[in-house]
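Peer 1: Quick one: structure below, then a few questions.
The numbers here are math on the coordinates, done by the rules we state, and not lab data. Quick caveat, the model's predicted, so the values are computed rather than measured. Ideal geometry is used to build each Cβ from the backbone, glycine not excepted, and the neighbour counts take in all protein chains shown.
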Amino acid sequence: MTGAARSPAHGIEVQQTGFRVDLRLIADMIAPGARVLDVGCGDGQLLQHLTRNRDVTGRGIELSQAGVNACVGRGLSVVQGDADTDLRDYPTQAFDYVVLSQTLQATRRPRQVITELVRIGRHAIISFPNFGYWRVRMSLLTQGRMPRTPSLTHKWHDTPNIHLCTILDFTELCRDLGVRIDRHVPINSRGRVAPLLASNRLANLFGEQAVFQLSRRTDS
Amino acid sequence: MDQPIETHEHNREGFTVTLGKESPLKLDCGVELGPFTVAYQTYGTLNAERNNTVLVCHALSGDQFVASTHPLTGKPGWWHILVGPGRPLDPDRYFIVCANVLGGCMGTVGPASKDPNTGHPYGLSFPVITIADMVRAQAMLIDHLGIEKLFCVIGGSMGGMQVLQWASMYPDRVYTAVPVGTAARHSAQNIAFHEVGRQAIMADPEWRGGQYYLHGTTPRAGLAVARMAAHITYLSEAALRRKFGRKLQDRKEVTYGFDADFQVESYLRHQGITFVERFDPNSYLYITRAMDYFDMAAEHGGVLAKSFKGTAVRFCLVSFSSDWLFPTNEMREIVHALNAVAADVSFVEIETDKGHDAFLLDEPELHMTLGGFLSAAAERAGIGSP
C-alpha cells in the first residue's frame, strides 16, 4: 500500500498499515472474493486494497470529480454520483457488501441512505464519527462552542457534516428502520478498537467513532 | 509476429476489403447491401492470443485515419493524441483498427459510390443507414480479420454511439467499451441542428437532387454552411470568447459590410471551406440521418437498461463539462442504466471549457483516465505491456 504517505481523511489516526483505522476494520469485515460497492470511495484507497489483496470485485461511487478521476486512473470502476440520489438505480442485493465510510453524516437523507444500503447489499458497513464522544460533549459544555475533534475537524460554517449523530442515535434509527445490527465496533481516541466498550452507553461516551455492520431484517 | 490477415488493395484509402459477398448486410431500412467495400486502417500487430484488438469508431466528419497523416488534408490523424507509442492506445501493445463508416466517403461504400445496378453514383438511391448498420458492417470486418473478441471498442460523439451499439448488440465480442462525449439517443436539439445542415446542402442549386456527381459539380456552399453551423455546436461560448472574443480580422474597425469582419466569422468560413475539400455532401446527409435515428432505448420499450441486461462488458464513460451537444446529464443516463443492471462501469466528467471538441484535443485528464482504465483492463485480460 502506498497509503501510508497520504494524509488521513477527517484527521483520523492512520495505523502502520497505511490505512485509516475505520477502513482497516472495514476491510477485515469483508470476505475475500466478495462483490463490494464503496459509496463515497474518495480516492479509492479501500477499493484498491480490497481488489489487490482480497480478490474483491469492487465498484465505487464518489461525489468529488477529482476523487473519481483518480480512481479510474488507477484502474478502479468508479462513477461520479451522489449517495442521496443515485443508490436507487442499483438492483436489490446486487452486492455482498455496501460500504459507507465517514459519509453518512454528510448525506441529506440518512434514513433513506441506510435503507438503500441494506437493500443493495447483503451486508452494509457504515462508519461515522460519534457525536456522543466525551470530548465533543466537553467542548460544548466547557467552551460553549461547536465541537472540533480529530474526527470533526471542520468549522461550523464550512462543515459538510449536516447530520451528525451519536452511537445511541444511530442504534435507535436502525431499530426504527427494522435494520439488523450484526456487528458494532467502537474506536477510541487512539484509533484502536476498544474491547472494553461493550456496553452501548460506554461506547457512546468513549468511542470517537464507530463501525457498524448491518443487514436487512429478513422477518420485516 | 505476422498478421495472419489477407491483405487487400492498399491505396489512398488505406486497406479496402469487399464484404457481404456470400450473405449481404441486412440494413435496418429493409434493404440488403452487398457486396460492399469497407476501407480501414490498422496500427500495431494482432497478438498470438488474438485478444489485443482495439476498434476505434470515428465521428460524423472523421474517417479511418485515426493516427496517420490524412491523404487529402495532409494533417495528422484525428486522434493521434491518443493513438501512438507511449500513448493510451499504444500500437506496441494493441492491434488498433479503424474503419470508415457505412455511408462514408473515404473508401467505404456510400452515396458517392457506384451503384452496380446503374453504373452511376448512388446519390439518394443509396439506402438510409443507421448506427446499428454501421456496427454490423464493422462486425463483418472484424470477422474478416479473424478476430472473435475485441479488447476494446472506443469512440467519441457518433463514434461513442457505435461503441454503445457494439456493447448492446455484441456483448460477447466486447471486453471493454469506452463511449466518450456521446448519448444513448440523439436529442431534439441535435436533430434540429442536423436538419439545418441538411437543408443548407439541399437548398444549394448545385445539389441537383443529390445527383451532382453526374454534372461535375458539388454543393460546396451548402456543405460549407452545414459545417459552419455544426462547428458552433462543437465549441462552447466560453471557448469562443477565449479564442476570438469580438476581435476583428486583419482590420482596425468594422467595414460596414458583410465581409468576415470578426475573427470568429473568418474561422468558421475556413472550417466550412476546408471541409468541402474532403467530404461528400450526400455522405453528410446520410450520416447525420443515422445519428438522428439513434435511440438505443427505443428497441427495448424505452428502457435503456434493457439494452445492457446481464452485460459483462466493462464500461468507461467520459463526458466534458462544457459539452452542450452531448451534455454530461445524457451520459449520466447511460450510467444509471448500467448501474440498474449492476454493470462494471466507470464514469468521469472532465472539467474543460472546450465544449464537445474536447474529445479530440489534448486533455491530460482524458489521457490519464483512459490510460489507467485501459492498462488495468489489459492486465486483467492478460495483454502484456509493451
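Peer 1: Roughly what % of DSSP beta bridges within the protein assembly as shown run antiparallel, to the nearest 5?
Peer 2: 40 percent
Peer 1: Please report the net charge: other residues with Cβ closer than 10 Å to the Cβ of residue B:273, K and R +1, D and E -1.
Peer 2: Result for the neighbourhood of residue B:273: +2.
Peer 1: Where a Cα-Cα gap under 16 Å defines reach, which aspartates and glutamates qualify for residue B:309, not counting those fewer than 8 residues away within the same chain?
Peer 2: Once the sequence-local aspartates and glutamates are set aside, what remains near residue B:309 is A:89, B:172, B:299, B:333, B:344.
Peer 1: Order of B:93-102, B:270-279, B:28-37, A:164-173 by packing, highest average Cβ count within 10 Å first?
Peer 2: Most protected by this proxy first, the peptides run B:93-102, A:164-173, B:270-279, B:28-37.
Peer 1: Can you give me the long-range amide H partners of residue B:317? Hydrogens built in the peptide plane at 1.01 Å from N, cutoff under 5 Å, separation of 5 or more residues or another chain.
Peer 2: B:346, B:347, B:348
Peer 1: Okay, moving on. Output the antiparallel fraction of DSSP beta bridges having both residues in region A:3-216, as a percent to the nearest 5.
Peer 2: So the antiparallel bridges amount to about 45 percent of the total.
Peer 1: Can you list the lysines whose alpha carbon is less than 27 Å from that of residue B:21, not counting same-chain residues fewer than 8 positions off?
Peer 2: B:114, B:149
Peer 1: Below 8 Å between Cα atoms, with a sequence gap of 6+, how large is the relative contact order for chain A in percent?
Peer 2: 19 percent.
Peer 1: What is the mean number of Cβ atoms from other protein chains located within 10 Å of the Cβ atom of each residue in peptide A:61-70, rounded to a whole number?
Peer 2: Across A:61-70, the average partner-chain Cβ count within 10 Å equals 3.
Peer 1: As a test, work out the antiparallel percent of DSSP beta bridges whose residues both lie in chain B, rounded to the nearest 5.
Peer 2: About 40 percent, rounded to the nearest 5.
Peer 1: Can you give the alpha-carbon Rg of region A:3-216 over 2.2 N^0.38 Å, where N counts its residues?
Peer 2: After normalising by residue count via 2.2 N^0.38 Å, the value is 0.96.
Peer 1: Restricting attention to the alpha-carbon atoms of region B:92-249, what are Rg (one decimal) and Dmax (integer), both in Å?
Peer 2: Computed over the Cα atoms of region B:92-249, radius of gyration and Dmax are 18.8, 55 Å.
Peer 1: Largest first, please: the extent of the C-alpha atoms of region B:190-290 along each principal axis, to the nearest Å.
Peer 2: The principal-axis extents, from largest down, are 45, 27, 21 Å.
Peer 1: Can I ask one more? In straight Cα distance, which aspartates and glutamates are under 12 Å from residue B:354, not counting same-chain residues fewer than 8 positions off?
Peer 2: Once the sequence-local aspartates and glutamates are set aside, what remains near residue B:354 is B:237, B:323, B:362, B:363.
Peer 1: Sort largest first and round to whole Å: the equivalent ellipsoid semi-axes of the protein assembly as shown, each the square root of five times a Cα gyration tensor eigenvalue.
Peer 2: For the protein assembly as shown, the ellipsoid semi-axes come out as 53, 27, 21 Å.
Peer 1: Next up: I'd like the distance between the alpha-carbon centres of region B:89-148 and region B:314-386, rounded to an integer number of Å.
Peer 2: Between the Cα centre of region B:89-148 and that of region B:314-386, the gap is 26 Å.
Peer 1: What number, in nm² with one decimal, is the all-direction average of the projected area of the convex hull of the alpha-carbon atoms of chain B?
Peer 2: In nm², the orientation-averaged hull projection of chain B is 19.6.
Peer 1: Can you give the net charge of the other residues whose Cβ lies under 11 Å from the Cβ of residue A:73, counting K and R as +1 and D and E as -1?
Peer 2: Charge balance near residue A:73 sits at -1.
Peer 1: Sort B:79, B:324 so the one with the fewest other Cβ atoms within 10 Å of its own Cβ comes first.
Peer 2: Taking fewest neighbouring Cβ atoms as first place, the list is B:324, B:79.
Peer 1: Something else about it: In peptide A:105-117, how many Cβ atoms from other protein chains are near each Cβ within 10 Å, on average?
Peer 2: Counting Cβ atoms of other protein chains within 10 Å of each residue's Cβ and averaging gives 0.
Peer 1: Next up: With an 8 Å Cα cut-off and a minimum separation of 6 or more residues, compute the relative contact order for chain B in percent.
Peer 2: Once normalised by length, the contact order is 17 percent.
Peer 1: Semi-axes, largest first, in whole Å: what does sqrt of 5 times each Cα gyration tensor eigenvalue give for region B:10-54?
Peer 2: Over the Cα atoms of region B:10-54, the ellipsoid semi-axes are 26, 15, 9 Å.
Peer 1: Other chains near B:336-344: what is the mean number of their Cβ atoms within 10 Å of each residue's Cβ?
Peer 2: Taking all residues of B:336-344 together, the mean is 5.
Peer 1: Give a residue-ordered list of calculated ³J(HN,Hα) values for region B:29-44 (Karplus: 6.51 cos²θ - 1.76 cosθ + 1.60, θ = phi - 60°; whole Hz; x for Gly, Pro).
Peer 2: 6, x, 6, 9, 10, x, x, 9, 9, 10, 9, 8, 10, 10, 9, x
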